Amino acid sequence: MTLKKTLTWAAGVFIVWFVAFRPDSAAKVVQGIGTMIGQVGTGFGDFFTRVIG
């Protein structure tokens, strides 16, 4: 088994464990990631609006 495959499996197991045993924390992490993606999208939108307009 390669290192990449081992790390992928370890990350998957950790995510399952995190969601199963710490659902509140997992929800906060996902919410934070969603907020960050929204802010990045808004920033790109503002940038292109200013470049075009």
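Bear in mind these aren't lab numbers, they're just calculated from the coordinates by the rules spelled out. Note that the structure is a prediction, hence the values are computed from the model and not measured.
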Looking at the calculated P(r) for the chain, what percent of the C-alpha pair distances fall above 14 Å?
70
Per-residue [θ]222 nm for the chain (sum of -39500 (n - 2.57) over DSSP H runs n ≥ 4, rounded to 500)
-32500 deg cm²/dmol
